[in-house]
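Encoded as structure tokens, the structure appears first; notes follow it.
We did not get these values from a lab; they are worked out from the coordinates using the rules stated. Since we're looking at a predicted model, the values are computed, not measured. Every residue, glycine as well, gets a Cβ built from its backbone with ideal geometry; the counts of neighbours run over all protein chains shown.
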Amino acid sequence: MGLENTGFALANHESLWIDPVDYARDLAEGVYSLAAAKVNVSIYNLPFCVLDSSVWPYAVQSISDWKNGYVEECNSCVKKIDCSGFFTSGRPRQSRGIAAIY
């Protein structure tokens, strides 16, 4: 689950924030393990572009519409309609992996 950078997460953002591209491989391995064990697994609050494409089927649009937004790079992305996008609440952090998918 991606972090909503609000509340206590703001006060502790230096110790909590990890760029999703830095744990994408570990996340994918966890998803594969859970799926193999027949556990219903979903990835919340992370845009497709920071995930390994093999786990895209597990990524869901999970951010409430009233606090969901997209950055300029998303405008030309073919996955935007299905993507979680970003939290507009709090103080959003942006991964260095954000890029349109063509």
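Tell me, please, whether a residue that is in contact (Cβ under 8 Å) with a residue 40 or more places away in the chain, in a loop (DSSP other than H, G, I, E, B) and either among the small types (G, A, S) or under 17 Å from M1 (Cα atoms) (or both) can be found in the stretch 15-29. Checked against the condition, which is being in contact (Cβ under 8 Å) with a residue 40 or more places away in the chain, in a loop (DSSP other than H, G, I, E, B) and either among the small types (G, A, S) or under 17 Å from M1 (Cα atoms) (or both), the stretch 15-29 yields at least one hit. If the condition is being buried (at least 16 other Cβ atoms within 10 Å of the Cβ) and over 13 Å from the mean Cα position of the chain (by Cα), then the stretch 50-78 contributes C74, C77.
Y32 satisfies every condition listed in (1) loosely packed, with under 14 Cβ neighbours inside 10 Å; (2) in a helix (DSSP H, G or I); (3) hydroxyl-bearing (S, T, Y) except (1). Taken over the stretch 37-61, the criterion of being of a type in the set (G, A, S) and touching a residue at least 24 places away in the same chain (Cβ under 8 Å) is satisfied by S54, A59.
If you go through the stretch 79-95 and keep only what is over 9 Å from the mean Cα position of the chain (by Cα) and either of a type in the set (S, T, Y) or surrounded by fewer than 19 Cβ atoms within 10 Å (Cβ to Cβ) (or both), you end up with K79, K80, I81, D82, T88, S89, G90, R91, P92, R93, Q94, S95.
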